[in-house]
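Encoded as structure tokens, the structure appears first; notes follow it.
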Amino acid sequence: MSLLEMKNIKKSFNGVEVLKDINIQIGNGEVLTIIGPSGSGKSTFLRCLNLLEKPTGGELWFNGRLIDGKTDVKMLRRDVGMVFQSFNLFPMFSAVENVMYAPVHINKLDKKQAKEEAMELLSRVGMADRANHYPGELSGGQQQRVAIARALAMKPKMLLFDEPTSALDPELVGDVLTVMKEVALEGMTMAVVTHEMQFARSVSSRVVFMDKGYIVEEGSPEEIFSRPREERTQIFLKRLLHTDI
């Protein structure tokens, strides 16, 4: 059974249709990577997966349950964490306090236990030695690793990553991608919007190519990067990778 399924999802902004009849299933433990040109609807697609954007039409199913109503939305957002392009850490809290915040205030976890678990997560992402530093004292890559620890602190069933390395200096990208690969290898279900084609190629279970609000093509990394069927996919990859497909 799929962990998450979109059925005929549409999304419009001010009468402009940004997502057009999206149908997709994401299985437990799968790493789905979404690629495509700017303005193709990738981030809107991702934000509809946990209803940060409410679809204009269609159905969203999670863990065999139709998501309908405020209670369901709260459950969905608790079980589907998100890592943003711009980190979104609380600037007035230290790294460890950022990671502790949701378990304490949403899950009502004891502060001592929350801190122990937060420190374990910071260690996991290589940030234990920066636990008491504030976001303003951390590099972009360090902030993003804290953001990943924060998302993991809620023990989600799935993680969404919205271009998590696009705001980073090139030399900081590798550390964040390494953490993401480790999380994927541990079996976390993930949906990732990214321009990092090597990540998409080496870590994904499945790759989706979007353009103009449609899923143009989907398949294994080998199929998409070596044998794309659709001409639009071929043109995009040829321009991006500077190679013939």
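Here are a few things to note about the model shown:
- Within the stretch 103-116, if we keep just the residues that are assigned to a helix (DSSP H, G or I) and out of contact with any helix residue (DSSP H, G or I) (no Cβ under 7 Å at 6 or more places or on another chain), the residue that is least open to solvent (accessible area, probe 1.4 Å) turns out to be Q113.
- Leading residue by the ranking (nearest to F199 (Cα to Cα)) among those in the stretch 125-147 that are open to solvent by 30 Å² or more (accessible area, probe 1.4 Å) and assigned to a helix (DSSP H, G or I): R145
- Number of positions in the stretch 36-61 that are charged (D, E, K, R), buried (at least 17 other Cβ atoms within 10 Å of the Cβ) and over 29 Å from E231 (Cβ atoms): 1
Let's see how each residue does on (1) within 17 Å of the chain's Cα centre (by Cα); (2) open to solvent by 40 Å² or more (accessible area, probe 1.4 Å); (3) without any contact (Cβ under 8 Å) to a residue 60 or more places away in the chain:
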residue: D175; (1), (2), (3): yes, yes, yes
residue: K181; (1), (2), (3): yes, yes, yes
residue: A184; (1), (2), (3): yes, no, no
residue: V207; (1), (2), (3): yes, no, no
residue: K212; (1), (2), (3): no, yes, no
residue: E223; (1), (2), (3): no, yes, yes
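- Matching residues in the stretch 1-35 - criterion: being part of a loop (DSSP other than H, G, I, E, B) and surrounded by 15 or more Cβ atoms within 10 Å (Cβ to Cβ): E30
- Conditions (1) touching an Asp or Glu at 6+ places or on another chain (Cβ under 8 Å); (2) touching a residue at least 60 places away in the same chain (Cβ under 8 Å): number failed by W61: (2)
- Some residue of the stretch 150-164 being under 14 Å from V183 (Cβ atoms), open to solvent by 60 Å² or more (accessible area, probe 1.4 Å) and under 17 Å from the mean Cα position of the chain (by Cα): yes
- Wholly enclosed helices (runs of 4 or more DSSP H) of the stretch 148-245 bearing at least 1 residues under 25 Å from R124 (Cα atoms): 170-185, 197-203
The values are calculated or read from the model by the stated rules, or taken from the named source; none is laboratory data. Keep in mind that this is a model prediction, so the values were computed, not measured. Using ideal geometry, Cβ is built from the backbone for each residue, glycine included, and neighbour counts are taken over all protein chains shown. The accessibility values were calculated without ligands, DNA or RNA, using every heavy atom of the protein model including side chains. Shrake-Rupley method; radii C 1.70, N 1.55, O 1.52, S 1.80 Å.
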